[in-house]
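**Q** Before we start, here is the structure in question, set down as structure tokens.
The values are calculated or read from the model by the stated rules, or taken from the named source; none is laboratory data. Since this is a predicted model, take the numbers as computed values, not measurements. Cβ placement follows ideal geometry from the backbone for every residue including glycine, while neighbour counts extend to all protein chains displayed. Accessible surface is based on the protein model in full, side chains and every heavy atom, while ligands, DNA and RNA are left aside. Shrake-Rupley method; radii C 1.70, N 1.55, O 1.52, S 1.80 Å.
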Amino acid sequence: MHKYFLFDLDGTLLPMDLKKFIEIYLQAFCRKFAHTVQIEPKTLVQGIRDGASAMGANDGGCLNRELFWRAMNQRCNKDMRRYEEDFDNFYRNEFVAAKAATKENPYVKQTVDLLKSDGCKLIVATNPIFPKAATYTRLRWAGLDPNDFDHITVYDNCSASKPNLNYYYDICSFCGITPEESIVVGNDVDEDMCAAKLGFDTFLVTDCLINRRGKSIERYKRGSFEDFYNWLIDSGY
């Protein structure tokens with residue numbers, strides 16, 4: 001039986017049109033900050049992209065948060081970290097515009113409630129390239145309470161990003177879990193299913209499937225989130 005459940009967020013717990021989500025998010029971000037920080041919107045967007053790339057390449061030398069702000073400062077040629085609190089407030093407020101690219105799936109809440117009632121440990125294993133405010137906001141869009149989870153990965157508690165296997169090693173170490181008793185549930189073939197290399201069981205959610213390289217997915221348990229919920233019921237975990 002699985003004791004530990006690691007759930008991806010975007011496209012898994014929170015169904016979304018990823019392209020539309022990113023477009024609305026960046027537009028809202030630029031409307032909020034371009035005038036305030038006196039930086040051209042294109043430069044701000046590139047700063048965010050640079051930060052994401054830096055976090056994706058993190059070798060474990062520091063927290064993702066440090067790499068993000070270092071990249072933003074370099075791209076914008078000024079100390080952007082002075083606006084960190086303003087950024088967090090954006091994610092609690094104006095960021096809501098991007099909710100239009102998402103929707104709730106009733107089976108997500110049913111699944112979380114079921115597993116919690118059985119005492120399972122639940123982890124939000126989302127790619128840690130966002131601050132806490134942004135990640136907690138998206139969890140609420142999914143109809144969930146962040147307090148439902150034992151651990152949530154964000155950019156200031158991680159020093160690696162998917163698909164770097166160190167990301168999953170770090171979760172195991174921090175949470176005191178083992179891959180053999182755990183399952184990773186996600187929609188991204190590269191970023192989520194790679195956990196199988198460490199001995200994690202996996203379930204590929206196909207509602208918002210991401211398979212950049214067109215890899216075969218025959219080896220994975222897979223289906224909609226509703227299928228995952230039914231698999232839990234049928235298997236007894």
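**Q** Taking amide hydrogens as modeled 1.01 Å from N in the peptide plane, which residues meet the under 5 Å criterion relative to Thr12, leaving out close sequence neighbours?
**A** Placed amide hydrogens put nothing under 5 Å from Thr12.
**Q** Give me the percent relative contact order of the chain, please, defined on Cα pairs under 8 angstrom at least 6 residues apart.
**A** Once normalised by length, the contact order is 26 percent.
**Q** Next question. At 7 Å along Cα-to-Cβ for each site, give me the label-to-label distance between Asp79 and Lys132 in nm.
**A** About 2.3 nm, to one decimal.
**Q** Another question, if that's okay. Going down the table (Lys99/Lys162; Lys19/Lys78; Lys20/Lys99; Lys109/Lys215; Lys19/Lys162), which pairs top 21 Å between alpha carbons?
**A** Distance filter (> 21 Å) returns Lys99/Lys162; Lys19/Lys78; Lys109/Lys215.
**Q** Of the candidates Asn164, Asn89, Asn58, which one comes out as most mobile in a Gaussian network treatment of the chain with C-alpha springs shorter than 10 Å?
**A** Asn89
**Q** Rounded to a whole number, what % of the accessible area of the chain do carbon and sulfur atoms account for, probe 1.4 Å?
**A** Numbers: 5040 of 11120 Å².
Ligands and nucleic acids excluded, carbon and sulfur give 45 percent.
**Q** Quick one: Karplus J couplings for the range 50-63, per residue in order, coefficients 6.51, -1.76, 1.60, θ = phi - 60°, nearest Hz, x for Gly and Pro?
**A** 4, x, 4, 5, 5, 5, x, 9, 4, 9, x, x, 7, 5
**Q** Counting other Cβ atoms within 10 Å, keep those with at most 16, restrict to DSSP loop, and tell me which trypsin sites (Lys or Arg not before Pro) in the range 115-197 are left.
**A** Counting only loop positions with at most 16 other Cβ atoms within 10 Å, none of the trypsin sites (Lys or Arg not before Pro) in the range 115-197 qualifies.
**Q** While we're here: Taking only DSSP H segments of four or more residues, each worth -39500 (n - 2.57), what value at 222 nm results for the chain once the sum is divided by all its residues, to the nearest 500 deg cm²/dmol?
**A** -13500 deg cm²/dmol
**Q** Per-residue HN-Hα couplings for the range 92-104, Karplus 6.51 cos²θ - 1.76 cosθ + 1.60 at θ = phi - 60°, whole Hz, x for Gly and Pro?
**A** 8, 10, 4, 4, 4, 4, 6, 4, 4, 8, 10, 7, 7
**Q** If you don't mind, another one. Quick check: pseudo-label points 7 Å beyond the Cα along Cα→Cβ at Asn93 and Asp17, how many nm apart are they?
**A** Roughly 2.8 nm, to one decimal.
**Q** Moving to a separate point now. Within the range 1-73, report the trypsin sites (Lys or Arg not before Pro) that DSSP leaves as loop and that have at most 10 other Cβ atoms within 10 Å.
**A** none
**Q** Another one. Applying the Karplus parametrisation 6.51 cos²θ - 1.76 cosθ + 1.60 with θ = phi - 60° to the phi angles of the range 141-149, what ³J(HN,Hα) value in whole Hz is obtained for each residue in order, glycine and proline being reported as x?
**A** For the range 141-149, the Karplus-derived couplings read 4, 7, x, 10, 9, x, 5, 5, 10 Hz, x marking Gly and Pro.
**Q** If you roll a 1.4 Å probe over the heavy atoms of the protein chains, what accessible area per residue do you get for the chain, in Å²? Walk me through the intermediate numbers first.
**A** Numbers: 11120 Å² over 237 residues.
Dividing the accessible area of the chain by its residue count gives 47 Å².
**Q** Amide H to amide H under 5 Å from Ser224: which residues, 5+ apart in sequence or cross-chain, H placed 1.01 Å off N in plane?
**A** Residues meeting the criterion, in which the H sits 1.01 Å from N, are Thr206.
**Q** Let me ask you something else. Would you mind counting up the charge near Gly47? Only other residues with Cβ under 12 Å from its Cβ, with Lys and Arg at +1 and Asp and Glu at -1.
**A** Local charge sum for Gly47: +4.
**Q** I would also like to ask the following. Can you list residues from other chains, or at least 5 along the same chain, whose modelled amide H is less than 5 Å from the amide H of Phe130?
**A** Here Tyr155 satisfy the definition.
**Q** Moving to a separate point now. Between Rg and the Kirkwood Rh of the range 3-156, both from Cα atoms, what is the Rg to Rh ratio? Could you put the intermediate results ahead of the total?
**A** Numbers: Rg = 16.3 Å, Rh = 16.3 Å.
Rounded to two decimals, Rg over Rh is 0.99.
**Q** Given points 7 Å out from each Cα along the Cα-Cβ axis, report the Leu114 to Asn147 separation in nanometres with one decimal.
**A** Label at Leu114, label at Asn147, 2.5 nm between them.
**Q** Would you mind finding the longest exposed-site-free stretch of the chain, with exposed GluC sites (Glu not before Pro) meaning DSSP loop and at most 15 other Cβ atoms within 10 Å?
**A** 105-217
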